[in-house]
Amino acid sequence: MRLVLVGPPGAGKGTQAEFVAAHLQVPKISTGDIFRANVSQGTELGRRAKEYMDRGDLVPDEVTVAMVRDRLAEDDARKGFLLDGFPRNVPQARILEDMLLDMGTGLDVVLELVVDDEEVVRRLSGRRTCRGCSHVWHVDFDPPSVEGICDACGSELFQRDDDREETIRHRLEVYYEQTAPLVEFYAARGILVGIDATGPVDDITDRAMAALRPHSR
Ligand code: ADP
Ligand code: AMP
C-alpha cells in the first residue's frame, strides 16, 4: 500500500506511523526524522534544513523533494510505503504525483488525523523523542519507565528545539496555511479518509486500520 499521513504537528502521525507501517509491512518514511538525523550528523543537508526547522518553517521544496525522490528510489519502498510529514504543501503533492506516475504507480490512500489545537499544544509541549530509534514518548500521556531513557532501545530522549510553545503556535499557522489545503486536494481525488485522532493510541491504530482496509490491495 502507498499511503500518506496528514494532520497538524502533534496529531500523532509519528506515533501511528510506527504501528500502521508495521501492520501493513511497508517502510515508514518520515521527512522530519530524516532531516533531524542529518542535523545531528552535521551533513550539508542538515545544515541547510536546520534554520527552517528551528523557526518552525518548511524547508524549501527543492531540498525536501530531492531527499524524498532518493528515498523512494530505494528497494524497500518499491512495493509500498507510508509517508509521514510529506507532502506538506500542494506543490509537493503535485511533484509526488508526478514522481509516482513516472514509476507507473500512485497513492492508494491519504489518512488524515483530526485533533484540535489545544490538544496539539498539550501533546507537543510534553513530547520526548529518542535519539536512537526516533520513537516518541510523552511525559504525561506515554512516559517511559525510566525518565529520559527510551524503553524500546535504551537511548537518551531529547526535547525537540521546535517544541517550544511559541514555535508550536507558528507551526500550527504554517499547517493551516500550507498543509491543510492538501485535505481538499486529496478529497477531490477520492482518496482521503479522516479519523478522530483523540483517545488511547491503540484505539486510534484500530480506527486507522479499519479506515484503510477498503483501500488495501
Ligand atoms: P506528529 O508526528 O503528528 O507531530 P507525534 O506522533 O510525535 O505527532 O505525537 C506528538 C506527542 O503526542 C508525542 O509526545 C506522543 O507521545 C503524544 N501522543 C501521540 N498520540 C497520542 C494520544 N493518542 N494521546 C495522547 N498523546 C499522544
Ligand atoms: P516533523 O517531524 O514532521 O514535525 O517535521 C519537523 C520539521 O522538519 C518541520 O517543521 C519542517 O521544518 C521540516 N519538514 C519536515 N517535513 C517537511 C516537508 N515535507 N517539507 C518541508 N519541511 C519539512
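The values are calculated or read from the model by the stated rules, or taken from the named source; none is laboratory data. As the structure is a prediction and not an experimental result, all values here were calculated from the model. Methodologically, a virtual Cβ is constructed for each residue, glycine included, from the backbone with ideal geometry; neighbour enumeration extends over all protein chains shown. Just so you know, the surface numbers come from the protein's heavy atoms only, side chains and all, with ligands and any DNA or RNA stripped out. Shrake-Rupley method; radii C 1.70, N 1.55, O 1.52, S 1.80 Å.
So that you can scan it fast, the table gives a plain yes or no per residue for (1) surrounded by 14 or more Cβ atoms within 10 Å (Cβ to Cβ); (2) within 21 Å of VAL59 (Cβ to Cβ); (3) within 11 Å of ligand 1 (Cβ to nearest atom); (4) hydroxyl-bearing (Ser, Thr, Tyr):
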{"site": "ARG123", "(1), (2), (3), (4)": "yes, no, yes, no"}
{"site": "THR129", "(1), (2), (3), (4)": "yes, yes, yes, yes"}
{"site": "ASP140", "(1), (2), (3), (4)": "no, no, yes, no"}
{"site": "GLY154", "(1), (2), (3), (4)": "no, no, no, no"}
{"site": "ILE195", "(1), (2), (3), (4)": "yes, no, no, no"}
{"site": "LEU212", "(1), (2), (3), (4)": "yes, no, no, no"}
Among the residues of region 82-135, what is the count of those that are in contact (Cβ under 8 Å) with a residue 24 or more places away in the chain and either polar (S, T, N, Q) or at positive phi (or both)?
7
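Yes or no, residue by residue, for (1) in contact with a strand residue (DSSP E or B) (Cβ under 7 Å, 6 or more places away or on another chain); (2) not in a helix (DSSP H, G or I):
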residue	(1), (2)
ASP162	no, no
HIS170	no, no
GLU173	no, no
PHE185	no, no
GLY190	no, yes
VAL193	yes, yes
GLY199	no, yes
ASP203	no, no
ARG213	no, no
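Would you confirm whether or not region 109-119 contains a residue that is over 18 Å from the mean Cα position of the chain (by Cα) and surrounded by 16 or more Cβ atoms within 10 Å (Cβ to Cβ)?
So far as region 109-119 goes, no, none of its residues is over 18 Å from the mean Cα position of the chain (by Cα) and surrounded by 16 or more Cβ atoms within 10 Å (Cβ to Cβ).
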Taking only pairs six or more apart or across chains, which ones have beta-carbon atoms under 7 Å, a first residue in region 54-81 that is closer than 19 Å to VAL110 by Cβ and away from ligand 1 (no atom under 16 Å from the Cβ), and a second residue that is open to solvent by 50 Å² or more (accessible area, probe 1.4 Å) and not hydrophobic (A, V, I, L, M, F, W, C)?
ASP61/PRO91
